[in-house]
Amino acid sequence: MTTVSRGIPQKPHLDVPKRLARELLAEWRNGDRAAFDRIRRRHPKFADADDATVAAGPFRLSDAQLVIAREYGLAHWTELKQRIGANTVAQALDVAIRANDEAAAVQLIRQEPQLLHVPLVSGNWGPPMSHAANLGRLDIVKAMAALGAKDFQLAFGRAVLQGRIECARWLLGQGARLEPGDAIGACEALNSAGMRFMAELDGSLIDGSDRLAALAMTLETYSRHSQGKHEILEILAQLGLSLPDTPIMAFHRGDIARLDQHLRRDPDLLERRFTLQDIYPAECGCGKDGSGMHWTPIGGTTLLHLAVDFHEREIVAWLLEQGADVNARATVDADGFGGHTPLFNAVVCGPWHHEEPTRTLLQRGASKDARASLRKFLDWIEEPRWHEARDVTAADWARGFPDQSWVNGKALRLLGVDR
């Protein structure tokens, strides 16, 4: 299903979302299925509707405007107009909160009081009080509350997600409630401090199906913080969740001793190729399609590919000590895509850019000239689509990747190339 999310640019103009709303309305009238998907994603009236129901409408310009506003992370069109109209002040308020300048933040809210209830940068980070809670700015959180902020629940959830425990405790005292979704947020960010806080307050929030959801999120998330991931999985185990005794779960837990035991039982483990369903097991609550977040494809790859992708540095070192092949190739599918080496995963690796994996692979003999064909679905851009690259090196794969924020510039320099 098509997912579109937008960020408010540095110099926004209302003409742009107006045009986007008109275009969406025209696409709906033309029966565009991608438009139907976007409408289902963002418009509550059509959340569970099939294509025929969406096509039948009614779907007016005001409905299209609601969809566009929500794609920007805002609740409705009026909120989007307010946010764009006060953009200069909103940017200054963001700077003040990040600098922990309480006086400046209060002054700016008094200048533009409507901003107190409008997401400052994105819907995820929320209005100023929640924005401050994300950053652990407790004095500003209190100041926004004193000015009349009402987003206590969102602020609490964001504080837990970011591990801002002091803020979370204060917000609980102001009426925020403990909800299972807040534990899921900590799992999304792989923030073990937030997860431990929730477990200590009320471990029952992570019981049963919600606990399985927490496990699935921990495995499938876009975040790459290996220590936090290991600690969250240990917390879930301590709460009574039975984790499968497989090489992949030992990998996810960062348990090298257990991996070593699996290797002793299966000497071919280092050469084994793991499917997405292996990596994201359905028995752990993961989707049957293996839909965990990654960058360079990981389906059909070895443990070394996975250790590079998931930033498991100690496991990378252990695998190399055991003789893992730095030029091992991923499985090639029926359409000819695959065959890439771990170096490809090191150069397109998400927003966390480190030299060490690439340097280690090169020192161990990784070939800069290995070629492969890769395919990746880009579902987070304004026009979701497949990105295909045929017969490319790791450097080619990186330089041609549509979202350069995912490209490891440090790795490219080690390969002797520029973007």
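Tabulated data
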read-out: Projected area averaged over orientations for region 100-211, convex hull of C-alpha atoms, nm²; value: 6.5
read-out: Using alpha-carbon coordinates, inclination of helix 208-220 to the longest axis of the chain, degrees; value: 70
read-out: Relative contact order computed over region 86-173 (Cα-Cα under 8 Å; 6+ residues apart), in percent; value: 24
read-out: Fewest-first sequence of D255, D202 by Cβ atoms within 10 Å of each Cβ; value: D202, D255
read-out: Taking L378, L24, L320 and counting other C-beta atoms within 10 Å, the order from fewest to most; value: L378, L320, L24
read-out: FRET efficiency estimate (nearest 0.05) - Cβ-Cβ, R19 to K150, R0 30 angstrom; value: 0.40
read-out: Relative exposure of S130, S192, S223, S405, judged by other C-beta atoms within 10 Å (fewest first); value: S405, S223, S192, S130
read-out: Square roots of 5 times each gyration tensor eigenvalue, C-alpha, region 205-334, largest first, Å; value: 24, 17, 13
read-out: Sites R110 and Q174, calculated FRET efficiency, Cβ-Cβ separation with R0 22 Å, nearest 0.05; value: 0.55
read-out: Intensity falloff of the chain expressed as log10 I(q)/I(0), Debye formula with alpha-carbon point scatterers, at q = 0.12, 0.13, 0.15 Å⁻¹; value: -1.15, -1.28, -1.41
read-out: Paired Rg and Dmax values of region 32-105, which use every Cα atom, in angstrom; value: 17.1, 54
read-out: Efficiency of FRET from Cβ geometry, R33 and Q261, R₀ 45 Å, rounded to 0.05; value: 0.35
read-out: Environment charge at G136 (Cβ cut-off 13 Å; Lys +1, Arg +1, Asp -1, Glu -1); value: +4
read-out: Region 247-414 - Kirkwood radius from inverse mean 1/r over Cα pairs (Å); value: 16.1
read-out: Computed [θ] at 222 nm, helices only, for the chain once each DSSP H run of length n ≥ 4 contributes -39500 (n - 2.57); value: -14500 deg cm²/dmol
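Every number here is computed from the coordinates shown, using simple stated rules; none is lab data. On a predicted model such as this, the values are computed, not experimentally measured, just so you know. When we count neighbours, we look across all protein chains shown, and the Cβ atoms used for this are built from the backbone with ideal geometry, even at glycine.
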